[in-house]
Each structure stands twice: as structure tokens, then as C-alpha cells.
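Structure, as C-alpha cells:
The values are calculated or read from the model by the stated rules, or taken from the named source; none is laboratory data. None of the values given here were measured: they were computed from a predicted structure. Here the Cβ positions follow ideal geometry from the backbone for every residue, glycine too, while neighbour counts run over all protein chains shown.
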Amino acid sequence: MSDAVFQETTAQPRTQSVPLAHLSLEIGHLYMEDYAAGAKRLGEHFAEVRVWADAVRASAARRAERPRISTCFLIDDYFSRFSTPAELVPMILKEAEEAGLVIDYLARESACATADRIELAESVMHRLVESPPPGSHGSRPPVSRTGWLANGERSPSTSRSALGAVKGWEPPQETAARNHSIFMDVELWSEKDGRRLWSCPFLAAVWQLARLGLLRHLGEPVLVPTVWEGADFPQEWDRLPPVVKLSDTKAPFSAYRTCSLMPNRFVAVEDAVRLILDQTDVDTEALRQVAERSAAEGMPVPAAVAQRATYVFYEEPGGFSEAEET
């Protein structure tokens, strides 16, 4: 008896490809506290970023004769909302321009949670695949229940056996440790009053997947840029499209690789982002499309998605620190 299963070809959605640049260069991912500090703080940020942006562009030119590089800027409108797009966006663009920078694409961080009625963060959460270390006994609940994702086995709690003996302390273990473990346990969300609040690292992981051209919903691309043609920006954040194209660049929003220029207070967040990317089951067809197209251009991408994301962390002018945020 045959075990063949027949399906309509339309039952499996086709994964649509997206335009891809060589590099997506992020020149800003700041908190609302940064904006509240005023135009001077933004000017200092962009002046510092310009130095590193020039270096990144020079590096890209060594790999491609005419590299396609697009710039992007992410505004935090998820954890807090400061001012309005009508007031804030022109200030950002003005300070960037005075530093000699152009922002091609501007995105809202809340769009990494929900955009165009699609629960993007929820979708990525369902694609998480935990990698338990050898010998683990499965006592830890799955990430879908706990909201915590680790790169190994956490230190077990001290307990008393049936015979009354107290089990001693055991260290945590990184799954892919080299000589010694670097163990991380990342909170992906919290809940309050029945509402889920996604963590900054998890939203940033969604952001990286979008910039790498690897996010799909039923085979369709998400966070597709909208060309902004209006003279004035809206008064409400929810009326600003998830991703806005602000320049006439021909370089697409998504790219084979990403580079993010950030203050060094984001180091821990981005370490967590890479952990999340390493345990995300990315759309297989989207991965194949990017791999084939990058190889055809003589710029093959690493197999590991996290390795496609690079960073420049810099010391902030004026000694701005986490202490000032609180």
C-alpha cells in the first residue's frame, strides 16, 4: 500500500525573495533617554559614528568594487515614547546630515514586535530551537514556557536526595565551550497584567533577521520599506510606517551582512542577540536564496546567521553611561 501524500501545490507557500545589498549599516539604535538629552547629544553620536562609518565603507570596498551599502536607524518607540515623529525625526535627520551622514531607512522598534498586524516577535519565538548540552536530563522547562534561552545547562539548584544527602554545587556548562565555558541565560520576555513585554535583545534579534533578509510570514517578506513622500511626519508613532525609506538610494534595506555602530553599553545586549540567532530555525528557502546570490557575487555568507552580523562598539563622547539613563 502506498504511503504517498498528495497536496495542492498552493498548500505550501512560496518563499518570496527580497532585494539585497552587500551591507546594511546601522548608524543609530538609541534609547529615548538619548533623545531627551537633546540635539547636542545626537550630534555627538553622529560625529563619532561618522568616523567608524567611513572605516566600514572602506573595508567593504576591499571586498566589492562597487559595494551596495544602505544605512538604517532604529528608534525605540516600544519601551517608551518620547516626543512625536513630527518633532523627533527631523531633528535626527538634521544632526545626521550635519555630521555628513545620510539615513536611508528609518525603523520603529515596536515594529519588531508587531507590524502590519503580524506578530513578528511571536513568530520568531516559535522558531527557537534549544540546543541542550550532552547529558542534560530535561529538567529545565522549554523556552516557550519560561521565556529564558541559554547557551548550555544552568547550574542545578542545591537539593537533598531521598537518603537525605545534600547534593553539592555544580557549575553551569556552555554547550559549545572551548576549554572553558562562557554561560549565558537570556530573558526573552516578561509578563505584567497579562501583557507580554518582549526584551530588547529579542527585538534586536528580529531586527537583525529583517536586515539580513531572512524574515518571512507565510512566505512573504515583512518589514518592507515604505517610501516617505509626505512633507511632514505624523504626530503619532503608530501612524509612521514600520520601516520608512527616506533617501533616493538604490541599495536595498536588507543585505548579505550587517554592521551596527553602537555605544559600548550595548555589548551585553548584542551578545544576547547572537545567542538568540544561533538558536533560531530560520526559513530554509530564505537561507538558500541568500547563500546562492551572495556566492554568485563572489561574497559568500557564513553558514551561521549570527556570523553575518558585525559590530563596532565605541566609547561615547561626554562619558554618557547607563547611570544617566536611570
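Within the stretch 170-185, residues that are under 11 Å from Ala150 (Cβ atoms) and without any contact (Cβ under 8 Å) to a residue 60 or more places away in the chain sit with their Cβ atoms under 8 Å from residues that are surrounded by fewer than 16 Cβ atoms within 10 Å (Cβ to Cβ) and of a type in the set (Val, Ile, Thr), at 6+ positions apart or across chains, in these pairs: Glu174/Ile182.
Any residue in the stretch 218-228 that is charged (D, E, K, R) and either farther than 26 Å from Arg68 by Cβ or crowded, with 20+ Cβ neighbours inside 10 Å (or both)? No: zero hits. Only one entry in Ala255, Ala272 is farther than 24 Å from Ala47 by Cβ, at pLDDT 95 or above and in contact with a helix residue (DSSP H, G or I) (Cβ under 6 Å, 6 or more places away or on another chain), namely Ala272.
Return the residue satisfying two criteria in turn: it lies in the stretch 195-238 and is among the aliphatic types (A, V, I, L, M) and not in a loop (DSSP other than H, G, I, E, B), and of such residues it is farthest from Asp271 (Cα to Cα).
That would be Val227.
Here Thr10 meets the list (1) at pLDDT below 95; (2) under 26 Å from Ala113 (Cβ atoms); (3) among the β-branched types (Val, Ile, Thr) almost entirely, failing just condition (2). Of the residues making up the stretch 241-250, those that are part of a loop (DSSP other than H, G, I, E, B) and within 22 Å of Val124 (Cβ to Cβ) are Pro241, Pro242.
Pairs are defined by a Cβ separation below 9 Å, a sequence spacing of at least 6 or placement on different chains, a first member in the stretch 201-214 that is surrounded by fewer than 24 Cβ atoms within 10 Å (Cβ to Cβ), and a second member that is of a type in the set (S, T, N, Q) and in a loop (DSSP other than H, G, I, E, B); the pairs so defined are Leu214/Ser254.
Please tell me if Ala47 is of a type in the set (A, V, I, L, M, F, W, C), more than 21 Å from the chain's Cα centre (by Cα) and not in a strand (DSSP E or B). Quick ask: steps written out before the conclusion?
Values: of a type in the set (A, V, I, L, M, F, W, C): yes; more than 21 Å from the chain's Cα centre (by Cα): yes; not in a strand (DSSP E or B): yes.
Answer is yes for this residue.
Look through Ala96, Ala86 and report the one residue that is surrounded by 20 or more Cβ atoms within 10 Å (Cβ to Cβ) and assigned to a helix (DSSP H, G or I). Just a single option satisfies the conditions, and that option is Ala96.
In the stretch 251-270, the residue that is surrounded by the most Cβ atoms within 10 Å (Cβ to Cβ) out of those that are within 11 Å of the chain's Cα centre (by Cα) and not in a strand (DSSP E or B) is Glu270.
Here the stretch 112-130 is the region considered, the condition is being touching a residue at least 24 places away in the same chain (Cβ under 8 Å) and assigned to a loop (DSSP other than H, G, I, E, B), and the residue that is surrounded by the most Cβ atoms within 10 Å (Cβ to Cβ) is Ala113.
For residues that are in a helix (DSSP H, G or I) and touching a residue at least 60 places away in the same chain (Cβ under 8 Å), scanning just the stretch 271-283, find the one that is farthest from Ile182 (Cα to Cα). Please lay out each step first, then the result.
Within the stretch 271-283, the first condition is being in a helix (DSSP H, G or I), and the residues that meet it are 271-278.
In the following step, the residues that additionally are touching a residue at least 60 places away in the same chain (Cβ under 8 Å) were identified as 271-273, 275-278.
Details: Asp271: 11, Ala272: 12, Val273: 15, Leu275: 11, Ile276: 15, Leu277: 17, Asp278: 15 Å.
So the residue we want is Leu277.
With the structure loaded, tell me whether Ile27 is part of a loop (DSSP other than H, G, I, E, B), modelled with pLDDT of 95 or more, closer than 24 Å to Leu223 by Cβ and within 21 Å of the chain's Cα centre (by Cα) or whether it fails that test.
Numbers: part of a loop (DSSP other than H, G, I, E, B): no; modelled with pLDDT of 95 or more: yes; closer than 24 Å to Leu223 by Cβ: yes; within 21 Å of the chain's Cα centre (by Cα): yes.
No: the conditions fail for Ile27.
Just need a number here: residues in the stretch 74-117 that are at negative phi and more than 17 Å from the chain's Cα centre (by Cα). Break it down into steps so the answer makes sense when it comes.
As a first pass, look at the stretch 74-117 and keep what is at negative phi: 74-82, 84-99, 101-115.
With the extra rule that they be more than 17 Å from the chain's Cα centre (by Cα), the set shrinks to 80-82, 84-99, 101-104.
Within the stretch 74-117, residues that are at negative phi and more than 17 Å from the chain's Cα centre (by Cα) number 23.
Only a single criterion out of (1) surrounded by 17 or more Cβ atoms within 10 Å (Cβ to Cβ); (2) free of Cβ contacts under 8 Å to residues at least 12 places away in the same chain is not satisfied by Arg288, namely (1). When restricted to residues that are touching a Leu at 6+ places or on another chain (Cβ under 9 Å) and more than 15 Å from Ala99 (Cα to Cα), the stretch 39-58 contains 2.
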